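S.K.: Next up is a structure, given as structure tokens.
The values are calculated or read from the model by the stated rules, or taken from the named source; none is laboratory data. Predicted model, so just to flag it, every value in this text is computed and none were measured. All Cβ positions, glycine included, derive from the backbone under ideal geometry; neighbour counts span all protein chains shown. Remember, those area values only see protein heavy atoms, side chains included, never the ligands or the DNA or RNA. Shrake-Rupley method; radii C 1.70, N 1.55, O 1.52, S 1.80 Å.
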Amino acid sequence: MWYLCVFYHRLLDYRKPEVESLAELFGAFKDTDNTNPPKNSLEWKLPQHHHPDSPFHFVNLPSEEIARNVASRSILVKGIYELWGEGSSYEELELAIKCCPDEHKLPYLTPGSTFKIIVDCFGKVISSKEQNDRIQGLAYIPFKGQVNLRNPDHKFWLMETDDYGSNNGLPPIVQKRIFFGREIGAADRKLLPTYQLKSRTYLGPTAMDAEIAFLMANQAQASPGKLVYDPFVGTGSILISAAHFGAITMGADIDIRVVRDGRGPNCNVWSNFKQYGLPMPISLLRADNNLPPWRSGLKEMFDAIICDPPYGVRAGGRKSGGRKLLKGVVGPYTIPDDKRTDHIPSTAAYSLAECVHDLLDLAARMLVMGGRLVYFYPVLREEDSIDTNFPEHPCFKLVAACEQILSFRYSRVLLTMVKIAPYTEEIAEAAMIQHLEFKENHLKWLEDGNLHSGVFSPADLLNGTGDTKPSKESKPKYRGKYV
């Protein structure tokens, strides 16, 4: 059935992939009678005269229950609605609502029910008087129940998009459009203030923003009973979002001071989970992504791996060994027992190319079939475009790439990969060949670690005229993915 899906106008690239991941999680792609090949994506349609970045989209979902589950779990879906009518004017809307089949309307207009009508406008603020006038204009709908503004049985939404053109920074709309429908489900955005970083007990320089962390957990389909692993756990921001959705969590970090000590007994990774009343991780390891601690025969352990690898913008990657050891100046050594408690192992620089290859190899070995790898990958922008040559692996299929523009020169892309083939030694050799070809053909900063200087280049501050102040003429333009 087709539903009206209304998004929050932010993180535009993330919106549809999040809905599709959640739809799969709640069984939208299962064929109950096994007569048709399974689908792996949803059908989408744009309303008439709407820009592709508009928050209004039509989506085809198998059932109202799945639509409600998707909306209530989503971070970027404002609401999903059963559409009773739409039009370019209120006269067209009235005609469309009257033509809507009674079997859709009458069960929600009964005398024993309570209801509430909410008026919303995208691109313009309307006064309380205007809202009341619009509600009074719906008198032709035979509501027989009682109005309940606090806890109604049914919520109805009257939504309109103003024909504001393209001068206010929003996606342009050629013609006004009005929608009326019954709310099926809506997102609970209250969890974002609850988990906001500024109230977090233990923070580090790379702590993931709560909204992005929850989106990553949704892309990974974190749910009760699933084991989720973060090999660059840091202060645990990503695992907290997975634990909120009921997943069993486990993490590792190369810095033992982060996973073991924090800033004291009441300010560490464990205290972050305690702060929100979440189940504690089953383990936090001091482990190196370059030298993983798993025994050789261990495979297919995790349901999802979610992480933000260190790529050198806010923090550079490190691996075990130290410069002297890696160069052969000193040989391998054993730490005496009396010094092990306070020993901090020496580390060396860890390039992004090597880090991503090790991450893909770890995920190919340790994820279950159908498990998901969700991680951020940095890209430099040139002439408002990015290099889409993302890392590949024979065990994985890329199902989503969501770009978030952080500056005029730099974006990060959230990659979601699904494991489709078992890990074998032959596949490991093929993956190494792909990795070497990727390094050879990709940008120099990937291997040399020059992303930081590329991101924070002084050229970023210029608008093309040598003036460091932004031009007033550029402000009204539609910002697209900068939202």
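S.K.: Which helices (runs of 4 or more DSSP H) sit wholly inside the stretch 389-483 and have at least 2 residues that are modelled with pLDDT under 55 and open to solvent by 60 Å² or more (accessible area, probe 1.4 Å)?
M.R.: Working: elements: 425-441, 444-448, 451-455.
Ranges flagged: 444-448.
S.K.: Here is a follow-up. Out of everything in the stretch 299-323 that is open to solvent by 20 Å² or more (accessible area, probe 1.4 Å), part of a loop (DSSP other than H, G, I, E, B) and not aliphatic (A, V, I, L, M), what residue ends up being nearest to ALA213 (Cα to Cα)?
M.R.: Ranking the qualifying residues of the stretch 299-323, first place goes to ASP308.
S.K.: For ARG260, only one of the following conditions fails: (1) open to solvent by 20 Å² or more (accessible area, probe 1.4 Å); (2) part of a loop (DSSP other than H, G, I, E, B); (3) farther than 21 Å from VAL418 by Cβ; (4) not hydrophobic (A, V, I, L, M, F, W, C). What is its number?
M.R.: Tallying (1) open to solvent by 20 Å² or more (accessible area, probe 1.4 Å); (2) part of a loop (DSSP other than H, G, I, E, B); (3) farther than 21 Å from VAL418 by Cβ; (4) not hydrophobic (A, V, I, L, M, F, W, C), ARG260 fails exactly one: (2).
Listed here are the residues, each with its yes/no results for (1) closer than 30 Å to ILE212 by Cα; (2) open to solvent by less than 70 Å² (accessible area, probe 1.4 Å); (3) modelled with pLDDT under 95.
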{"position": "ALA67", "(1), (2), (3)": "yes, yes, no"}
{"position": "VAL70", "(1), (2), (3)": "yes, yes, no"}
{"position": "SER74", "(1), (2), (3)": "yes, yes, no"}
{"position": "VAL77", "(1), (2), (3)": "yes, yes, no"}
{"position": "ILE80", "(1), (2), (3)": "yes, yes, no"}
{"position": "TRP84", "(1), (2), (3)": "no, yes, no"}
{"position": "LEU106", "(1), (2), (3)": "no, no, yes"}
{"position": "LEU109", "(1), (2), (3)": "no, yes, yes"}
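S.K.: Here's something else I'd like to know. Within the stretch 216-234, work out how many residues are polar (S, T, N, Q) and open to solvent by 10 Å² or more (accessible area, probe 1.4 Å).
M.R.: 2
S.K.: Answer yes or no as to whether ARG10 is surrounded by 12 or more Cβ atoms within 10 Å (Cβ to Cβ) and modelled with pLDDT of 95 or more.
M.R.: Here the answer is no, as ARG10 does not meet what is asked.
S.K.: Taking TYR3 as the residue in question, decide whether it is in contact (Cβ under 8 Å) with a residue 60 or more places away in the chain, closer than 30 Å to GLN136 by Cα, open to solvent by 30 Å² or more (accessible area, probe 1.4 Å) and of a type in the set (Phe, Trp, Tyr).
M.R.: Values: in contact (Cβ under 8 Å) with a residue 60 or more places away in the chain: yes; closer than 30 Å to GLN136 by Cα: yes; open to solvent by 30 Å² or more (accessible area, probe 1.4 Å): no; of a type in the set (Phe, Trp, Tyr): yes.
Against the criterion (in contact (Cβ under 8 Å) with a residue 60 or more places away in the chain, closer than 30 Å to GLN136 by Cα, open to solvent by 30 Å² or more (accessible area, probe 1.4 Å) and of a type in the set (Phe, Trp, Tyr)), TYR3 does not qualify.
S.K.: Continuing with this model, one more query. Within the stretch 108-117, identify whether any single residue is touching a Phe, Trp or Tyr at 6+ places or on another chain (Cβ under 7 Å) and assigned to a helix (DSSP H, G or I), and answer yes or no.
M.R.: no
S.K.: Now for a separate question. State all residues of the stretch 360-387 that are farther than 22 Å from ASN40 by Cα and not in a helix (DSSP H, G or I); if no residue qualifies, say none.
M.R.: Kept after step one, since they are farther than 22 Å from ASN40 by Cα, are these residues of the stretch 360-387: 360-362, 365-366, 376-387.
Residues satisfying the conditions are PHE376, TYR377, PRO378, VAL379, LEU380, ARG381, GLU382, GLU383, ASP384, SER385, ILE386, ASP387.
S.K.: Considering only the stretch 197-215, how many residues are touching a Cys at 6+ places or on another chain (Cβ under 9 Å), farther than 22 Å from GLY317 by Cβ and open to solvent by 10 Å² or more (accessible area, probe 1.4 Å)?
M.R.: Of the residues in that region, 1 qualify.
S.K.: A follow-up question, please. Quick check: is even one residue across the stretch 268-283 more than 19 Å from MET208 (Cα to Cα), in a loop (DSSP other than H, G, I, E, B), hydrophobic (A, V, I, L, M, F, W, C) and touching a Pro at 6+ places or on another chain (Cβ under 6 Å)?
M.R.: No.
S.K.: Within the stretch 243-256, is there a residue that is exposed (fewer than 15 other Cβ atoms within 10 Å of the Cβ) and in contact with a helix residue (DSSP H, G or I) (Cβ under 9 Å, 6 or more places away or on another chain)?
M.R.: Checked the stretch 243-256: no residue is exposed (fewer than 15 other Cβ atoms within 10 Å of the Cβ) and in contact with a helix residue (DSSP H, G or I) (Cβ under 9 Å, 6 or more places away or on another chain).
S.K.: Now a separate question. Hey, can you tell me all the residues within the stretch 112-134 that are over 23 Å from GLU64 (Cβ atoms) and open to solvent by 50 Å² or more (accessible area, probe 1.4 Å)?
M.R.: Hits for the stretch 112-134 are LYS124, VAL125, SER127, SER128, LYS129, GLU130, GLN131, ASN132, ASP133.
S.K.: Tell me, please, whether a residue that is aliphatic (A, V, I, L, M), surrounded by 18 or more Cβ atoms within 10 Å (Cβ to Cβ), free of Cβ contacts under 8 Å to residues at least 60 places away in the same chain and assigned to a strand (DSSP E or B) can be found in the stretch 50-61.
M.R.: Looking for residues that are aliphatic (A, V, I, L, M), surrounded by 18 or more Cβ atoms within 10 Å (Cβ to Cβ), free of Cβ contacts under 8 Å to residues at least 60 places away in the same chain and assigned to a strand (DSSP E or B), one finds at least one in the stretch 50-61, hence yes.
S.K.: Could you say whether any residue in the stretch 285-296 is small (Gly, Ala, Ser) and without any contact (Cβ under 8 Å) to a residue 12 or more places away in the chain? Reasoning before the result, please.
M.R.: Within the stretch 285-296, the first condition is being small (Gly, Ala, Ser), and the residues that meet it are 287, 296.
Keeping just the survivors that are without any contact (Cβ under 8 Å) to a residue 12 or more places away in the chain gives 296.
Yes, the stretch 285-296 has at least one match.
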